[in-house]
Amino acid sequence: MAETYISKVNVDLWKQEVTLVWTGSDAAAQQKGPFHCTPGAGISGVNCDDVATSKRSGTDCTPKGEFSVIGHDRFFSKYPEAEWVTRFQDPSRGIALHYYPTVPEFPSSHGCVRIANKEAAKRIYDNTKVGKSIVSVNGELRPNFNNTLKRGVKSQDVRKVQLQLINKGYQLSADSDFGAKTEAAVKQFQKDKGLVSDGICGRQTYTALFA
C-alpha cells in the first residue's frame with residue numbers, strides 16, 4: 001500500500017482558508033478542509049500583495065508562491081501558544097503554518113499562517129514531509145478590518161471592499177475610490193444585513209461583508 005500523506009497545503013489568502021491535498025492509498029478518507037486561517041498583515045507601508053515583497057524578511061508578510069516544507073516544531077519557544085508548527089520557505093524568517101488561539105477574519109499575524117482548528121494544525125504537522133510536501137500560498141489579502149473606510153478615501157482596501165461588494169451582486173466599479181456609488185452600495189449592503197446604514201465601512205460592516 002502506498003503511504004498516505006499530505007502532498008500539498010493550499011492557503012487561499014482572500015478566503016482565509018487552508019485546504020489539504022492528500023496522496024496515497026488512504027487519501028480519499030482524509031479530511032481536506034477548508035480550515036479557517038489568518039495570514040501576515042505586513043508592516044505599515046508594505047504591499048504584501050506583491051509577490052516579491054511578500055517573500056522578503058522584515059515585512060511581516062506571508063510569502064506567496066510554492067514552498068517545500070522544511071521542518072516541524074511542537075511549538076515556538078518564544079510563543080508557546082503557537083502549537084503544531086510546520087515550517088516552510090526560508091528558515092531564517094521562521095515562517096510556518098501553526099495553530100493559534102486567536103484567528104480573526106482579517107490578516108493579523110507576523111507572517112505565519114495561523115490556523116484556528118488545533119486538530120487541523122496537528123494533522124498538517126503529523127502528515128507533511130520535509131522536502132516532499134508543498135505549501136502553496138495564493139490570492140490577495142483581505143483588507144484590514146481596523147481601517148475604517150468612508151467617502152473620500154482612496155486606497156487598496158477600498159478596492160478590496162468594492163470587489164467584495166461586486167462579488168455579492170452590488171453594482172459599482174473597483175476603482176479604489178470611495179465615492180458616491182461606493183457609499184450608496186455600502187449603505188444598501190448595510191440595510192440588507194440589518195446594520196446601521198451610514199455608508200461607513202467599519203468592523204461590523206467588514207465582518208458581514210466577508211462572512
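The values are calculated or read from the model by the stated rules, or taken from the named source; none is laboratory data. Note that this is a predicted model, so its numbers are computed, not measured. Heavy atoms of the whole protein, side chains included, go into the accessibility calculation; ligands, DNA and RNA do not. Shrake-Rupley method; radii C 1.70, N 1.55, O 1.52, S 1.80 Å.
Relative contact order for the range 10-52: what percent, with Cα pairs under 8 Å and sequence separation of 6 or more? Provide the component values of the computation, followed by the final result.
On the way: 38 pairs, mean separation 14.2, N = 43.
Value for the range 10-52: 33 percent.
Can you list the lysines whose alpha carbon is less than 23 Å from that of LYS191, not counting same-chain residues fewer than 8 positions off?
Hits, sequence-local ones excluded: LYS150, LYS160, LYS168, LYS181.
Round to a whole number: what % of the accessible area of the range 1-86 belongs to carbon and sulfur, probe 1.4 Å? List each step's numbers first, then the result.
Values: 2120 of 4240 Å².
C and S atoms contribute 50 percent here.
Suppose we keep just the DSSP beta bridges with both residues in the chain; what percent of those would be antiparallel, to 5?
On the way: 25 of 35 bridges.
Here the antiparallel bridges make up roughly 70 percent for the chain.
Enter the per residue convex hull volume of the chain, computed from alpha-carbon coordinates, in Å³ rounded to the nearest integer. Walk me through the numbers on the way to the answer.
Working: hull volume 26.6 nm³, N = 211.
Normalising the Cα hull of the chain by residue number yields 126 Å³.
Collect residues whose amide H, placed 1.01 Å from N in the peptide plane, falls under 5 Å from the amide H of SER7; neighbours closer than 5 in sequence don't count.
Answer set, sorted by chain and number: VAL21, TRP22, THR23.
Choose one answer from VAL153, VAL103, VAL186: the residue with the largest mean-square fluctuation in a GNM of the chain with alpha-carbon springs under 10 Å.
Between VAL153, VAL103, VAL186, it is VAL153 that shows the largest mean-square fluctuation.
Given a 1.4 angstrom probe, what's the average accessible area per residue across the range 135-184, in square angstrom?
50 Å²
For LYS122, which lysines qualify as cross-link partners when the Cα separation must be under 26 Å and same-chain residues fewer than eight apart are set aside?
Filter leaves LYS8, LYS15, LYS32, LYS55, LYS64, LYS78, LYS132.
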